[in-house]
1. Which of the residues belonging to segment 185-204 are surrounded by fewer than 16 Cβ atoms within 10 Å (Cβ to Cβ) and polar (S, T, N, Q)?
2. Name every residue in segment 141-159 that is more than 15 Å from residue 86 (Cβ to Cβ) and either touching a His at 6+ places or on another chain (Cβ under 6 Å) or among the small types (Gly, Ala, Ser) (or both), in order of residue number.
3. Assuming residue 70 fulfils every condition listed in (1) surrounded by fewer than 20 Cβ atoms within 10 Å (Cβ to Cβ); (2) within 13 Å of the ligand (Cβ to nearest atom); (3) in a helix (DSSP H, G or I) apart from one, which condition is it?
4. In segment 1-20, which residue that is away from the ligand (no atom under 15 Å from the Cβ) and within 11 Å of residue 213 (Cβ to Cβ) is modelled with the highest pLDDT?
5. Identify the single condition in (1) within 16 Å of the ligand (Cβ to nearest atom); (2) outside any helix (DSSP H, G or I) that residue 101 does not satisfy, given that it satisfies every other one.
6. For the list (1) assigned to a loop (DSSP other than H, G, I, E, B); (2) surrounded by 18 or more Cβ atoms within 10 Å (Cβ to Cβ), I need the number of the one condition that residue 163 fails.
7. Filter segment 142-160 down to the residues that are assigned to a loop (DSSP other than H, G, I, E, B) and within 15 Å of the ligand (Cβ to nearest atom) and list them by number.
8. Return the residues of segment 180-204 that are among the aliphatic types (A, V, I, L, M), more than 16 Å from residue 220 (Cβ to Cβ) and not in a strand (DSSP E or B); say none if nothing qualifies.
Amino acid sequence: MLAPMAGYSDAPMRQLAAEQGALWTVSEMISARGLVLGGENESLNLGRPYPGEQGRVVQLFGADPEVLAEAVRRAEAWFSPAAIDLNMGCPVPKVRGKGGACLLQTPEVAYDLVRAMRSATSLDVSAKIRLGWDSDRSLEVAQGLAEAGAAVITVHGRTSAQRYTGEADWAAIARVAAAVPTPVIGSGDVLSPAQATERRALGVAAVMIGRGAVGNPWIFRALAGGAPAVPDAATRAGTALRHAELQDTFYTAPDRHRPGELRRASMRPLRKVLPKYLPDLPELHPALLQAETLDDVRAALAPVLATRPAGPRGPAVGVAGSRA
Ligand SMILES: Cc1cc2nc3c(=O)[nH]c(=O)nc-3n(C[C@H](O)[C@H](O)[C@H](O)COP(=O)(O)O)c2cc1C
């Protein structure tokens, strides 16, 4: 599964992951209040699917049962998700006072939220937790979430206090998987297909991959079909360009200030992503880190793209459409 990652797991990244075999993907977190108050174009982009998208979970954060229930109704109507997830892991202060990992301190509030969300939809409602706020309470919290009706529970094997430091505690994740009746997905530090396979064997229903999939959608292909994990530089450059093309297609929109004209998508949000496709070619990074337009990305990648063998330019190393 592709993990929810604010600033990363948008429609273009989800599309590349799904094409390479990711079974499920999760949107970036979306503020329930933002959705309900409406008019936030950004929230719409956060939840909007790409054409034909399937198997995508929409993640909401919030702390008020009524607001979350209404947000679930809107998310279902607007974004056609496969399921709805409650964020109980974000340690960022902006989110904390309003939900996220804060809910690990008052889990009974989270149980009420799950019940309220379930009452608003017939879709599955899941929750994604960390081990606890500053100590491991994951067994108790997961049990309570299961009793409240969460269909799936994802556990990121760190406390909120740890943020992203230290190592994810997969023994703790395995304890939760063994104890609760609902499927448990494990998250944290899966950077290679071999690690994913090892961790699957700990009894989790699935493994979630976040940072290990940035600039590396092939990690899902390797898991789905056993094909070699990382293709050659020309293929990776082709996929980096495709990521930029998907960005352009998804975010280019009518210009509100100049009727009849389009406002082309900026490549700025991809500056942190594109070099990750080509870690072995640092000489290309300065140009990628300054790219503003799709043409800039094309020009930056040109030296490597020129080495690609002639042939159809579809999704790189295609298992397009196959969802293992
Ligand atoms: C940049 C970034 C953004 C994240 N955003 C979210 C989010 O919106 N919702 C969420 O539940 N987790 C979020 N996470 C946590 C990831 O989903 C995941 O649990 C964590 O990164 C550990 O997995 P990894 O080592 O495979 O990245 C984020 C992580 C990162 C690095």
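1. The answer is 197, and nothing else.
2. Within segment 141-159, 157 is the sole residue that qualifies.
3. Among (1) surrounded by fewer than 20 Cβ atoms within 10 Å (Cβ to Cβ); (2) within 13 Å of the ligand (Cβ to nearest atom); (3) in a helix (DSSP H, G or I), the lone unmet condition for residue 70 is (2).
4. The selected residue is 16.
5. (2)
6. (2) is the only condition that residue 163 fails.
7. Within segment 142-160, 150, 152, 157, 158, 159, 160 qualify.
8. The answer is 180, 201, 202, 204.
The values are calculated or read from the model by the stated rules, or taken from the named source; none is laboratory data. These numbers were taken from a predicted model, which means no experiment stands behind them. Using ideal geometry, Cβ is built from the backbone for each residue, glycine included, and neighbour counts are taken over all protein chains shown.
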